[in-house]
Structure formats: structure tokens, C-alpha cells
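Trainee: This is the structure, below, for whatever I ask next.
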Amino acid sequence: MQLSREELLSAYTRMRTIREFEERLNVEFQKGTVPGFIHLYSGQEGIAVGICEHLDEDRDYIGSTHRGHGHCIAKGVDVKGMMAEIYAKSTGVCGGKGGSMHIADLDKGMLGANAIVGGAPPLALGAALTAKTLKTGGVSVPFIGDGAANQGTVAEAMNMACVLNLPMVFMFENNGYAEFTAASYATAGSIEARAKAYGMPGTTVAGDDFFAVHEAAREAIDRARNGGGPSVIEATAYRFHGHFSGDPQVYRSAEELKSVREDHDVLNNFRDRVTEAALLDQQELDAIDAEVLTLMDEAVAEAMAAPDPMPEDLFTDVYNTYQ
Amino acid sequence: MSISILMPALSPTMEVGTVAKWLVKEGDTVRAGDLIAEIETDKATMELEAVDEGTVGRLVVEGGTENVPVNQVIAILLEDGEDAAALMAEASVEASTTAETAAPAAPVEATAPQPVAASIPDDPEFGPDATYTELTVREALRDAMAEEMRRDGDVFLMGEEVAQYQGAYKVSQGLLDEFGPKRVIDTPITEHGFAGLSTGAAFAGLKPIVEFMTFNFAMQAIDHIINSAAKTRYMSGGQVTAPIVFRGPNGPAARVGAQHSQCYAGWYAQVPGLKVIAPYSAADAKGLLKAAIRDPNPVVFLEHELLYGHKFDVPEEDYVLPIGKAKTLREGTDVSLISFAYTVGTALEAADQLAQEGISAEVIDLRTIRPLDTQAIIDTVKKTNRAVVVEQGWATCGVTAELSALIMEEAFDWLDAPVKRIAGADIPMPYAANLEQLATVQVADIVRAAKDVCYRE
């Protein structure tokens with residue numbers, strides 16, 4: 001289905017925002033201004049955006065992973081609030097208490113990045129049960145890596161989604177590596193084929209092709225929203241960086257890394273496609289790129305200037321009080 | 001929100017009192033700790049302190065009024081920025097709520113009831129006119145769930161065998177018939193999965209009750225109980241909350257071996273973000289499960305298989321008990337026996353035996369393990385100067401270890417003997433009857449420990 005000009009611009013802006021957010025974080029992490037572990041999503045932007053362009057902010061939910069920045073941005077979480085969170089500042093979306101691996105924004109339907117591999121699918125299942133119970137029409141999508149695909153929670157969630165006929169799309173991102181171990185070693189058979197074993201539809205798409213993801217997502221999300229139950233999408237994904245920022249990637253060849261960036265860059269593919277078809281032109285895309293870079297400059301500067309959490313916030317937010 | 005000041009219970013038996021004199025007038029500003037009134041009972045006159053700061057909005061009960069029931073509102077405090085108009089609006093809401101409560105029970109409607117906000121009163125005192133029904137713990141738990149599901153359409157029950165089979169231990173009997181399969185949901189044998197599912201449902205706005213067939217199987221699910229349910233509120237800076245109850249039988253049953261005979265109270269009680277309840281009596285099981293369901297936090301509710309069939313008197317009136325309050329089941333002067341869940345019964349039996357030997361034991365039922373009723377524990381130790389702390393779980397890093405440390409830190413100067421711990425033997429539960437008996441807490445163990453701390457042979 002042909003996307004409108006507005007849809008194309010929106011998708012490109014989101015994908016470019018994710019790319020520049022991650023690339024800027026990579027630079028800042030190497031400089032030592034960002035603490036902790038940073039797992040970068042560069043290369044996989046088409047998957048998060050291809051899904052989330054179909055989702056509503058208020059009634060649809062996503063569950064995420066340790067590699068969650070892209071999912072957050074695609075679902076509409078404020079970029080400056082995210083940057084401030086990663087910088088552990090009081091202005092962060094979680095007040096500096098969560099960090100890179102725990103960014104959550106319930107108002108945007110973002111249930112939380114989750115640092116437990118395989119943690120999110122059952123939680124997303126619960127959001128789907130809530131949507132079904134309250135008849136909101138909402139759909140819930142957990143993003144799942146090829147490593148998490150082998151966790152029991154994912155098998156449990158796939159089975160229960162079918163047993164309870166929940167409005168779900170299991171979005172597997174197979175970037176070929178579970179942390180530092182190749183999927184060819186650690187993941188038996190086919191992830192997509194596991195869907196069929198549970199009796200739900202499954203499909204595999206190229207994750208470097210935004211349009212392929214977007215079309216598969218449309219079908220799966222429409223099906224879920226209309227009571228047709230859960231399904232699986234497996235996207236072949238291309239992780240530009242290591243497991244985390246600073247990973248020397250001794251387990252990947254130089255040729256592979258070169259090919260990933262040169263042959264499978266979803267942003268380049270998108271630009272080629274829309275400009276060749278004369279849907280958008282280079283100048284307007286360049287203008288978006290420039291705006292996004294400015295946004296990142298602002299986000300980093302504001303995050304660095306923002307205050308730390310107050311010591312008196314240490315013991316808040318543990319328990320909810322009675323209303 | 002304005003704050004209601006209630007007629008305090010100044011002793012465990014007090015039912016009414018006299019507001020002898022107000023020490024403040026309407027419009028006065030008070031701070032926590034300020035004396036605001038003199039309250040008289042038949043035994044004593046005591047001064048009532050403000051526990052919050054605010055402006056005295058209304059003195060509901062005039063000075064000199066006699067026979068004011070415990071827990072009746074006697075005054076209303078306004079917080080900053082509130083005015084009397086807001087107070088009146090609230091008062092009218094309160095009045096209509098009260099009227100609804102007093103109305104006879106309506107037949108169950110086809111449409112689900114609307115969600116309601118939680119508000120848990122102080123420990124109620126049941127007057128001399130209260131009527132009681134003898135119920136098993138099993139029935140009391142079922143009644144608690146049914147009452148809360150009638151009250152709040154967002155509450156649902158999920159677990160293995162809870163619907164069609166009516167519960168592996170028959171706790172959910174009748175619930176499927178009354179509430180239907182959308183609110184009483186059978187799951188596959190998938191503890192980790194449905195613990196996560198329920199937590200996600202709580203994040204998104206429902207109020208799940210998760211039944212684990214036993215807490216032994218919840219070890220499969222402990223990642224979601226702790227990493228998701230307990231921690232997410234903090235990690236999200238207060239955005240994401242999990243109003244959820246994880247319940248099921250916990251602790252040793254009988255002759256079922258090591259993988260079905262473990263107490264997890266200490267495990268869960270260690271986790272900030274969780275509340276942990278482990279009742280003994282049916283009345284407490286009912287009132288505390290209702291409180292747990294209304295609590296906007298994740299609550300681990302530990303039941304006991306061997307107590308399910310025990311009968312206790314349960315008040316017929318509608319009541320909810322406060323989480324975090326211990327209960328003195330037997331007053332005594334020589335030694336405090338502090339426990340929770342099944343071994344409260346063991347401690348009561350031990351107290352009977354000790355009485356025959358001239359030792360007066362006070363028996364404290366903790367009821368809630370997190371948050372612990374620290375004050376009740378300190379008070380009883382200050383009274384008896386000796387403590388035996390009892391649990392079925394392992395002592396190492398267990399609840400009794402915590403109690404012992406707490407008493408040492410907070411009541412050291414009142415102790416006449418070291419605190420004695422009585423706990424499950426430090427082994428996986430054996431299967432053979434004779435070994436199992438040696439591994440579990442017996443009445444004789446508590447009697448011996450009590451004599452030890454009293455330096456009696």
C-alpha cells in the first residue's frame with residue numbers, strides 16, 4: 001500500500017532520530033560522559049518504526065528490551081527526556097532512577113525497556129489482556145531479540161497469547177547475535193516457524209527494508225485489532241554496533257561489519273527508494289537530517305546541564321499510597 | 001485531601017470514649033505531635049496528638065461528648081490550600097458512600113462493577129453485638145476474593161486450575177459460576193508467563209489476583225514478581241504501578257518432600273516494593289486478603305495448606321484489616337512468642353503448656369512480614385523482656401533472623417536473655433515421617449526455648 005507524503009516524512013524523521021540518538025550516544029559514551037551500559041539500536045530502525053507507525057499512543061502498548069532506545073523513540077517518547085534519563089538527571093523520563101535499560105513512559109504506551117532478556121513478552125501479554133478486557137481496541141507488541149526467542153518466557157507468552165486469543169504481535173528482531181554469540185549457534189531451527197507450531201500466522205521480512213516491515217506490520221496489527229488474535233513477524237536485522245557501546249566485536253569479521261553498514265542501511269535504502277520514485281527529494285531529507293542533528297545537540301546540552309536527582313528522592317516511588 | 005481524625009482506640013478493649021476537651025479550635029494550625037484533645041476512657045484520660053499537619057477544618061464532635069465509638073470521625077484537618085467548601089463537598093460524598101454501604105446487598109448485576117479507589121481503615125474492633133460465622137480459612141479466602149470482585153470490576157483471578165476445577169486446593173470454589181471465564185481465568189502450567197502477564201495487566205490498569213498452586217512453583221515466576229512487579233514503580237520514577245496480589249499456599253504441608261515444602265516469607269520480605277502477608281486465622285485471612293486486593297502495590301499473600309481446613313470465627317460484617325499490623329493473640333508477662341502463619345497455632349499450644357508450668361507467655365501473630373509491625377515487636381519485648389521468635393522457614397537470613405536483629409537494635413536494654421530462634425531444620429525437607437517431624441517446628445521446641453530464655457529447667 002502506498003504511503004502518503006506525510007507518512008513517509010514521519011517514518012524517515014523517526015528513523016533518522018533513532019540513528020542520530022544512538023550515534024551521538026556512542027560518541028558521548030566513548031568520551032566518558034555517559035555512565036553504565038549502552039546498547040545501541042543503529043541499523044534496526046526500520047523495525048521499530050515500521051511497527052510503531054501503526055500504533056496509537058494512547059491505547060497500544062509496546063514492550064521493549066535492553067536495546068530499547070529505538071523502540072521508545074518510535075513509540076513517541078520524548079527524545080530530550082530520554083537523553084536526560086540516560087544522563088541520570090532529574091529531568092529524565094524516569095527521574096534518573098531507571099537509566100538506559102529501564103526507560104518507561106506509560107502515557108505513550110511504552111511499558112518499559114527491560115534488562116531481563118525475555119522479560120517483556122509476558123508483560124506485553126498482560127497489556128493485551130487488559131485491552132481485550134476493557135475493550136479498548138488496543139494492540140500490544142513486544143520486541144524480542146533472537147536471544148530472547150530462546151527464553152522460556154517467550155514460549156510461554158506465545159502459547160498463552162494463542163490460548164487466550166489476545167491482540168498481540170510478537171516482533172522478533174533477529175540481528176544474528178545473542179549478545180556475543182551467533183544465532184546460527186544458539187537458535188535452533190527457525191523463529192518464524194515456531195509461530196506455526198502454536199497455530200498462529202508467521203512471516204519473515206527484511207529488516208533493512210522499512211516498507212516490507214511496515215506492510216507486514218499493517219497486516220498483523222490489523223488482524224490483532226480486529227479480534228483475529230496474535231501473530232509473529234521475524235525481521236532479519238543488522239546490528240551496526242556490538243552488543244554494547246565499546247564491544248570490540250572480535251566475533252564478527254571486518255567484511256561482515258562493512259557489509260552490514262554499506263549494504264543493509266535501512267536509511268540509505270529508504271532514501272534511494274523514495275527519491276528514485278520521486279516521492280520525496282534529497283533536499284527535504286537533508287533538511288530533516290540537519291534538524292535531527294540540532295535536536296541531538298540540544299538534547300545532550302540540556303541533559304548535561306540538568307540537575308541530578310535530589311537525595312530526598314532516594315526513598316520515593318517505592319510504594320504507591322492509597323488514593 | 002482533608003484528613004479525618006478518628007476516635008482512637010487507647011486500649012485493645014476500648015469501644016467508646018469521651019472527647020473530654022478540645023485543646024484546639026476550628027481554624028487553628030497544627031503540626032504533627034501537637035496536642036489537640038483530651039480523651040477519657042473508663043480507665044484513663046489521655047491526650048490526643050495530631051499525626052499530620054494542617055488546619056483544623058471542623059470539630060465534628062463537641063468537647064464533653066460521651067460514648068463516641070472508636071474510629072468515628074471526631075475532627076477534620078485541612079491540608080494547605082484546601083478550604084471549607086472542599087470539605088463540605090467531601091462530606092457529602094462520604095455521606096452518599098455511607099448510604100450505599102448501608103443499603104441491602106443488591107443482586108449481582110450483569111455489568112461489571114466499576115473500579116474503586118482503595119482506602120483501608122485502622123484495625124476494626126468488633127463490638128459485643130458483632131456476630132460471627134465459623135468458616136474455614138479456605139472459605140474465608142474465597143469470600144474475600146468474591147467480595148472484592150463484586151466491589152471492583154477491575155479485579156480478576158488467574159492461575160492454574162482456578163476456574164473449571166475450582167482451585168487445586170478448592171479456594172476458588174464458585175467463583176467461575178459467579179464471575180464467568182473473563183474474570184476467573186484458567187492458565188496453562190506457565191508460572192513465569194502468567195506472573196508476567198498479570199503484572200503487565202496491572203501496569204495497564206487491571207487488578208489481578210494470581211494464584212500459584214503453591215509458592216514452590218512461584219520460583220519459576222520470581223523474576224517477574226521481583227524484577228517487574230516490585231521494581232518497576234521505582235525504575236519508572238513512579239509512573240508505572242502494579243496493583244497485584246500473588247497468592248497461594250506456602251510452607252511445609254505434610255509428607256510431600258523437599259520441592260513442595262518450603263517457606264518463602266523471608267525471600268519475598270527482603271524485597272522493597274513488595275508487601276508480604278502471612279495470616280493464621282480465617283478472619284485475618286479474609287480481612288487481609290481484601291486489603292491486599294485493594295492495595296495499589298504488589299502484595300505476596302502467603303497461605304498455608306495445613307490451615308485451609310481449620311475453622312475460626314469470622315465476623316459477619318463487612319471489614320478490611322490494615323496491612324502491617326501485628327496482633328496479640330494471648331497476653332503474657334514472662335516471655336514473648338512471636339511468629340506468623342501456621343506456627344502461631346504451635347506457639348498458642350506452647351503457651352498453654354507453659355502456663356501449666358507457671359510461665360506466662362505472650363503470643364504475637366505478625367500477620368504481615370513486610371512491612372513489619374516494629375512497634376508491636378518492641379512493645380512486647382519491653383513488656384516481657386524475653387523473646388522466642390518462630391518460623392517454619394530456614395533461620396539463616398530468615399524472618400527470625402530479621403526479628404532477632406530488630407529486637408537487638410531497638411530493645412537491647414530491655415532484654416533479660418538472648419533472643420532464641422526456632423525455625424525449620426537447615427536441610428531440604430525430608431520425606432520420611434519421623435525425619436519430617438524432626439525438621440519442622442514442634443510445640444516442644446517452643447516450650448523448651450521459652451524455658452531457656454526464662455532460665456528455667
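Trainee: Tell me which residues, restricted to the stretch B:161-195, are within 12 Å of chain A (Cβ to nearest Cβ), in contact (Cβ under 8 Å) with a residue 40 or more places away in the chain and closer than 20 Å to B:Glu303 by Cβ.
Mentor: B:Ala195
Trainee: Please work out which one of (1) within 14 Å of chain B (Cβ to nearest Cβ); (2) crowded, with 23+ Cβ neighbours inside 10 Å; (3) of a type outside the set (Ser, Thr, Tyr) is the condition A:Ala149 fails and give its number.
Mentor: Every condition holds for A:Ala149 apart from (1).
Trainee: Please verify whether the stretch A:33-46 includes one or more residues that are touching a residue at least 24 places away in the same chain (Cβ under 8 Å), part of a helix (DSSP H, G or I), buried (at least 23 other Cβ atoms within 10 Å of the Cβ) and within 13 Å of the chain's Cα centre (by Cα). Outline the logic, then answer.
Mentor: Step one: filter the stretch A:33-46 for residues touching a residue at least 24 places away in the same chain (Cβ under 8 Å), giving A:33-46.
From what's left, part of a helix (DSSP H, G or I): A:45-46.
Going one step further and asking which of them are buried (at least 23 other Cβ atoms within 10 Å of the Cβ), we end up with A:45-46.
Still in the running and within 13 Å of the chain's Cα centre (by Cα): A:45-46.
Yes: the stretch A:33-46 contains one or more residues that are touching a residue at least 24 places away in the same chain (Cβ under 8 Å), part of a helix (DSSP H, G or I), buried (at least 23 other Cβ atoms within 10 Å of the Cβ) and within 13 Å of the chain's Cα centre (by Cα).
Trainee: Would you point out the residue of the stretch B:395-437, among those that are over 27 Å from B:Asn216 (Cα atoms) and among the aromatic types (Phe, Trp, Tyr), that is surrounded by the fewest Cβ atoms within 10 Å (Cβ to Cβ)?
Mentor: Residue satisfying both the conditions and the ranking: B:Phe412.
Trainee: Out of the residues in the stretch A:71-90 that are outside any helix (DSSP H, G or I) and in contact with a Gly (Cβ under 7 Å, 6 or more places away or on another chain), state the one that is surrounded by the most Cβ atoms within 10 Å (Cβ to Cβ).
Mentor: My answer is A:Lys75.
Trainee: Hey, among the residues in the stretch A:143-157 that are β-branched (Val, Ile, Thr) and assigned to a helix (DSSP H, G or I), which one's nearest to the chain's Cα centre (by Cα)? Spell out the reasoning first.
Mentor: At the first step, the residues of the stretch A:143-157 found to be β-branched (Val, Ile, Thr) are A:144, A:153-154.
Of the ones still in play, those that are also assigned to a helix (DSSP H, G or I) are A:153-154.
On the way: A:Thr153: 19, A:Val154: 17 Å.
This residue is A:Val154.
Trainee: Could you figure out which of (1) of a type in the set (D, E, K, R); (2) touching a residue at least 60 places away in the same chain (Cβ under 8 Å); (3) surrounded by 13 or more Cβ atoms within 10 Å (Cβ to Cβ) isn't true of A:Arg223?
Mentor: It is condition (2) that A:Arg223 fails.
Trainee: Which residue, of A:Ala182, A:Ala206, A:Ala237, is within 21 Å of the chain's Cα centre (by Cα), more than 30 Å from B:Ile189 (Cα to Cα), surrounded by 20 or more Cβ atoms within 10 Å (Cβ to Cβ) and not aromatic (Phe, Trp, Tyr)?
Mentor: Exactly one of A:Ala182, A:Ala206, A:Ala237 is within 21 Å of the chain's Cα centre (by Cα), more than 30 Å from B:Ile189 (Cα to Cα), surrounded by 20 or more Cβ atoms within 10 Å (Cβ to Cβ) and not aromatic (Phe, Trp, Tyr), namely A:Ala237.
Trainee: Follow-up question, since we're still on this one. Would you please name the residue that is nearest to the other protein chains (Cβ to nearest Cβ), looking only at residues in the stretch A:115-133 that are small (Gly, Ala, Ser) and not in a helix (DSSP H, G or I)? Outline the logic, then answer.
Mentor: Our first condition is that a residue be small (Gly, Ala, Ser); within the stretch A:115-133, this holds for A:115, A:118-120, A:124, A:126-128, A:131.
After this cut, where a residue has to be not in a helix (DSSP H, G or I) as well, the list is A:115, A:118-119.
Values: A:Ala115: 8, A:Gly118: 9, A:Gly119: 7 Å.
So, considering only residues that are small (Gly, Ala, Ser) and not in a helix (DSSP H, G or I), the one nearest to the other protein chains (Cβ to nearest Cβ) is A:Gly119.
Trainee: Same structure, new question: Can you name every residue in the stretch B:304-341 that is more than 22 Å from B:Ala395 (Cβ to Cβ) and acidic (Asp, Glu)? Steps first, answer last, please.
Mentor: As a first pass, look at the stretch B:304-341 and keep what is more than 22 Å from B:Ala395 (Cβ to Cβ): B:308-325, B:327-334.
Within the stretch B:304-341, B:Asp313, B:Glu316, B:Glu317, B:Asp318, B:Glu331, B:Asp334 qualify.
Trainee: Just to check your reading of the model, which residue among B:Val155, B:Val171, B:Val210 is more than 28 Å from A:Gly63 (Cα to Cα) and β-branched (Val, Ile, Thr)? If you could, list the steps in order and put the result at the bottom.
Mentor: Numbers: B:Val155 fails: more than 28 Å from A:Gly63 (Cα to Cα); B:Val210 fails: more than 28 Å from A:Gly63 (Cα to Cα).
One residue alone meets the criteria, B:Val171.
Trainee: Yes or no: A:Val169 more than 23 Å from A:Val260 (Cα to Cα), surrounded by 24 or more Cβ atoms within 10 Å (Cβ to Cβ) and more than 15 Å from the chain's Cα centre (by Cα)? Reasoning before the result, please.
Mentor: Working: more than 23 Å from A:Val260 (Cα to Cα): yes; surrounded by 24 or more Cβ atoms within 10 Å (Cβ to Cβ): yes; more than 15 Å from the chain's Cα centre (by Cα): no.
No.
Trainee: Does B:Glu139 satisfy being surrounded by 19 or more Cβ atoms within 10 Å (Cβ to Cβ) and either in contact (Cβ under 8 Å) with a residue 12 or more places away in the chain or within 12 Å of another protein chain (Cβ to nearest Cβ) (or both)?
Mentor: Values: surrounded by 19 or more Cβ atoms within 10 Å (Cβ to Cβ): yes; either in contact (Cβ under 8 Å) with a residue 12 or more places away in the chain or within 12 Å of another protein chain (Cβ to nearest Cβ) (or both): yes.
Against the criterion (surrounded by 19 or more Cβ atoms within 10 Å (Cβ to Cβ) and either in contact (Cβ under 8 Å) with a residue 12 or more places away in the chain or within 12 Å of another protein chain (Cβ to nearest Cβ) (or both)), B:Glu139 qualifies.
Trainee: Also, I was wondering about something else. Which of the numbered conditions does B:Tyr280 fail, given that it passes all the others? Conditions: (1) buried (at least 24 other Cβ atoms within 10 Å of the Cβ); (2) within 14 Å of chain A (Cβ to nearest Cβ); (3) more than 18 Å from B:Phe212 (Cα to Cα).
Mentor: With (1) buried (at least 24 other Cβ atoms within 10 Å of the Cβ); (2) within 14 Å of chain A (Cβ to nearest Cβ); (3) more than 18 Å from B:Phe212 (Cα to Cα) applied to B:Tyr280, the lone miss is (2).
Trainee: Does the stretch B:216-242 hold any residues that are of a type outside the set (S, T, N, Q) and either within 7 Å of chain A (Cβ to nearest Cβ) or touching a residue at least 60 places away in the same chain (Cβ under 8 Å) (or both), and which are they?
Mentor: Of the stretch B:216-242, the ones of a type outside the set (S, T, N, Q) are B:217-219, B:221-226, B:229-231, B:233-235, B:237-238, B:240, B:242.
Within the stretch B:216-242, B:Asp223, B:His224, B:Ile225, B:Ala229, B:Ala230, B:Arg233, B:Tyr234, B:Met235, B:Gly237, B:Gly238, B:Val240 qualify.
Trainee: Now, a different point. Working only within the stretch B:196-215, note down all residues that are more than 7 Å from chain A (Cβ to nearest Cβ) and out of contact with any strand residue (DSSP E or B) (no Cβ under 6 Å at 6 or more places or on another chain).
Mentor: Passing the criteria: only B:Met213.
Trainee: In addition: Does any residue in the stretch A:137-151 that is at positive phi come within less than 7 Å, Cβ to Cβ, of a residue that is basic (Lys, Arg) and modelled with pLDDT of 95 or more six or more places away or on a different chain, and which pairs are these?
Mentor: Final answer for the pair search is A:Gly137/A:Arg59; A:Gly137/A:Arg225.
Trainee: Could you please let me know if B:Lys325 is outside any loop (DSSP other than H, G, I, E, B) and basic (Lys, Arg)?
Mentor: Judged against the criteria, B:Lys325 is not a match.
Trainee: Still on this structure: Out of B:Gln392, B:Gln375, report the one residue that is among the polar types (S, T, N, Q) and surrounded by 20 or more Cβ atoms within 10 Å (Cβ to Cβ). Even if it seems obvious, please write down each step before you answer.
Mentor: Working: B:Gln375 fails: surrounded by 20 or more Cβ atoms within 10 Å (Cβ to Cβ).
It is B:Gln392.
Trainee: What residue, of B:Lys290, B:Lys275, is crowded, with 21+ Cβ neighbours inside 10 Å, facing chain A (nearest Cβ under 9 Å), more than 20 Å from A:Gly119 (Cβ to Cβ) and touching a residue at least 24 places away in the same chain (Cβ under 8 Å)?
Mentor: Numbers: B:Lys290 fails: facing chain A (nearest Cβ under 9 Å).
The conditions single out B:Lys275.
Trainee: While we're on this one: Can you name the number of the only condition in (1) more than 12 Å from chain B (Cβ to nearest Cβ); (2) modelled with pLDDT of 95 or more that A:Ser184 fails?
Mentor: Failed condition: (2).
Trainee: Read through the list (1) more than 25 Å from B:Gly238 (Cβ to Cβ); (2) within 14 Å of another protein chain (Cβ to nearest Cβ); (3) β-branched (Val, Ile, Thr), then give the number of the only condition that A:Val49 fails.
Mentor: (2)
Trainee: Here's another thing I want to ask about it. If I go through the stretch B:280-303 residue by residue, how many of them are over 10 Å from the mean Cα position of the chain (by Cα), in a helix (DSSP H, G or I) and under 17 Å from B:Pro322 (Cβ atoms)?
Mentor: So the answer is 3.
Trainee: Among the numbered criteria (1) more than 30 Å from A:Asn165 (Cβ to Cβ); (2) over 19 Å from the mean Cα position of the chain (by Cα), which one does A:Arg223 miss?
Mentor: All conditions are met except number (1).
Trainee: Look at the stretch A:161-199 and say how many of its residues are touching a Leu at 6+ places or on another chain (Cβ under 9 Å) and of a type in the set (Asp, Glu).
Mentor: Selection size over the stretch A:161-199: 0.
Trainee: Filter the stretch B:319-339 down to the residues that are out of contact with any Pro (no Cβ under 6 Å at 6 or more places or on another chain), surrounded by fewer than 23 Cβ atoms within 10 Å (Cβ to Cβ) and of a type in the set (Gly, Ala, Ser) and list them by number.
Mentor: Passing the criteria: B:Ala326, B:Gly332.
Trainee: In addition: Being within 11 Å of chain B (Cβ to nearest Cβ), under 10 Å from the mean Cα position of the chain (by Cα) and in a loop (DSSP other than H, G, I, E, B), is that true of even one residue in the stretch A:52-59? Quick ask: steps written out before the conclusion?
Mentor: Residues of the stretch A:52-59 that are within 11 Å of chain B (Cβ to nearest Cβ), as a first pass: A:59.
The next check asks that each one be under 10 Å from the mean Cα position of the chain (by Cα); those that pass are none.
There is no residue in the stretch A:52-59 that is within 11 Å of chain B (Cβ to nearest Cβ), under 10 Å from the mean Cα position of the chain (by Cα) and in a loop (DSSP other than H, G, I, E, B).
Trainee: Hey, another quick one. Among residues belonging to the stretch B:110-136 that are at pLDDT 85 or above and within 18 Å of B:Gly174 (Cβ to Cβ), point out the one that is surrounded by the fewest Cβ atoms within 10 Å (Cβ to Cβ).
Mentor: Ranking the candidates gives B:Thr133 first.
Trainee: Quick test of your reading of the structure: A:Ser140 fulfils all but one of (1) under 16 Å from the mean Cα position of the chain (by Cα); (2) facing chain B (nearest Cβ under 9 Å); (3) surrounded by fewer than 22 Cβ atoms within 10 Å (Cβ to Cβ). Name the failing condition by number.
Mentor: (3)
The values are calculated or read from the model by the stated rules, or taken from the named source; none is laboratory data. Just so you know, these numbers come straight off a predicted model, no measurement behind them. As a convention, Cβ positions derive from the backbone with ideal geometry for all residues, glycine included, and neighbour counts pool all protein chains shown.
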